Amino acid sequence: QVQLVESGGGLVQAGGSLRLSCAASGSIFKINAMAWYRQAPGKQRELVAIISLGDRTNYEDSVKGRFTISRDNAKNTVYLQMNSLKPEDTAVYFCNFRTRNSDYWGQGTQVTVSS
């Protein structure tokens with residue numbers, strides 16, 4: 001079965017950068033969109049960024065201008081470049097692939113930003 005494998009999380013100081021990657025281990029039929037969510041301790045999971053067919057993107061307001069989502073369709077991989085990181089970006093980040101019939105989720109990767 002298809003599974004999504006995330007990498008790239010870690011500990012970084014405020015103002016630093018990280019790049020998250022998420023790749024499907026198997027083929028997924030007709031991926032409509034790829035997205036990144038995050039969940040901080042004690043808080044609800046929120047959508048951070050999403051990229052659709054045609055590479056149209058949308059971002060949560062607090063990350064606009066700092067984060068960039070991109071995809072490599074041939075590799076079934078989505079990336080999240082995170083620049084100018086802030087302590088409030090600290091969370092577990094989950095990738096999400098959307099098809100017509102199914103959603104697939106990564107296992108989560110911890111991003112911690114120190115002040």
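The values are calculated or read from the model by the stated rules, or taken from the named source; none is laboratory data. Note that the structure is a prediction, hence the values are computed from the model and not measured. Neighbour counts are summed over all protein chains in view; Cβ atoms, including those assigned to glycine, are modelled from backbone coordinates with ideal geometry. For accessibility, only protein heavy atoms count, side chains too; no ligands or nucleic acids. Shrake-Rupley method; radii C 1.70, N 1.55, O 1.52, S 1.80 Å.
About its Cα centre, how strong a charge dipole does segment 1-103 have in debye, to the nearest 20, once Lys and Arg get +1 and Asp and Glu get -1 at the Cβ?
In total the dipole reaches around 180 debye.
Of Asp55, Asp72, Asp89, which has the most accessible area with a 1.4 Å probe, and how do the rest follow in descending order?
Ranked from most to least accessible, the order is Asp55, Asp72, Asp89.
Which whole-number value in Å² is the accessible area per residue of the chain, probe 1.4 Å?
Per residue, the chain has an accessible area of 56 Å².
For the chain, with a Gaussian network of springs between Cα atoms less than 10 Å apart, report the residue from Tyr104, Tyr79, Tyr37 with the top mean-square fluctuation.
Taking springs between Cα atoms under 10 Å, the residue moving most is Tyr104.
Which one, Gln13, Ala33, Gln107, is farthest towards the positive end of the dipole of the chain when Lys and Arg carry +1 and Asp and Glu -1 on their Cβ?
It is Ala33, whose Cα lies furthest towards the positive end.
Give, in nm to one decimal, the length gained when the segment between Gln39 and Ala14 is fully stretched (0.36 nm per residue of separation minus the Cα-Cα distance). The partial results should precede the final answer.
On the way: separation 25, 0.36 × 25 = 9.00 nm, distance 1.85 nm.
Separation in residues times 0.36 nm, less the Cα-Cα distance, equals 7.2 nm.
Considering only protein heavy atoms, with the full assembly of protein chains and a 1.4 angstrom probe, order Arg56, Arg66 by accessible area, largest first.
Values: Arg56 180, Arg66 25 Å².
These residues rank, largest area first, as Arg56, Arg66.
Remind me, relative contact order of segment 1-100 in percent, using alpha carbon pairs under 8 angstrom and six or more residues apart?
Taking the mean separation of contacting Cα pairs over the length of segment 1-100, I get 36 percent.
Roughly speaking, to the nearest percent, how much of the chain's 1.4 Å accessible area is carbon and sulfur?
Numbers: 2880 of 6420 Å².
C and S atoms contribute 45 percent here.
For the chain, just list the percent of Cα-Cα distances falling in each 10 Å bin from zero outward, please.
With a bin width of 10 Å, the distribution comes to 15, 50, 29, 6, 0.
Most fluctuating residue of Gly54, Gly16, Gly42 in a GNM of the chain with Cα springs under 10 Å: which is it?
With Cα springs under 10 Å in the chain, the top fluctuation among Gly54, Gly16, Gly42 is at Gly42.
Students often forget the sequence filter, so: which aspartates and glutamates lie under 18 Å Cα-Cα from Lys86 once same-chain residues fewer than 8 apart are removed?
Within the straight-line cut-off, Lys86 pairs with Glu46, Glu60, Asp61.
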